[in-house]
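Structure record follows, encoded as structure tokens.
The values are calculated or read from the model by the stated rules, or taken from the named source; none is laboratory data. Bear in mind that the values here come from a model prediction, so they are computed numbers and not experimental data. Cβ atoms come from the backbone with ideal geometry, glycine included; neighbour counts cover every protein chain shown.
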Amino acid sequence: MKAYWIAQVDVTDPTQYTEYTKRGPAAFKLYGGRILARGGRTASLEGPQAAQRVVVIEFDSYDQAVACYRSAEYQEALGYRQGAAQAQILIVEGVEG
């Protein structure tokens, strides 16, 4: 089953965050990730307001999504995001259909 990496991000240092965005997508691609949404318009219809950026990345499996996050490639990219943004990242398994 497919899995989805959902990130809500509030950028606090755009210059440093750019360094993250140069590296993160390479790790996603290495693990079969496909960016479905990244920073477009959002609307919070219930609950707290959405972060500045909402990102959705599709992976072929839950295990691939987790492996991507834990990979050396992504952890290197993550070092550039730390201190440049506040983020909440979720991985959710899709449904068969």
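Details
- Any chance Ile6 is in contact with a helix residue (DSSP H, G or I) (Cβ under 6 Å, 6 or more places away or on another chain) and at pLDDT 95 or above: no
- Residue in segment 44-70 that is farthest from Asp13 (Cα to Cα), counting only those that are among the polar types (S, T, N, Q) and loosely packed, with under 15 Cβ neighbours inside 10 Å: Ser44
- Members of segment 85-97 found to be of a type outside the set (A, V, I, L, M), assigned to a loop (DSSP other than H, G, I, E, B) and out of contact with any Phe, Trp or Tyr (no Cβ under 7 Å at 6 or more places or on another chain), listed by number: Glu96, Gly97
- Cβ-Cβ under 7 Å pairs, at least 6 apart or on other chains, segment 24-43 side within 19 Å of Glu76 (Cβ to Cβ), far side of a type in the set (Ser, Thr, Tyr) and not in a helix (DSSP H, G or I): Ala27/Ser71; Tyr31/Ser71
- Neighbours by Cβ (under 8 Å, 6+ apart or cross-chain): first from segment 69-81, closer than 14 Å to Tyr31 by Cβ; second of a type in the set (Val, Ile, Thr): Tyr69/Ile89; Tyr69/Ile91
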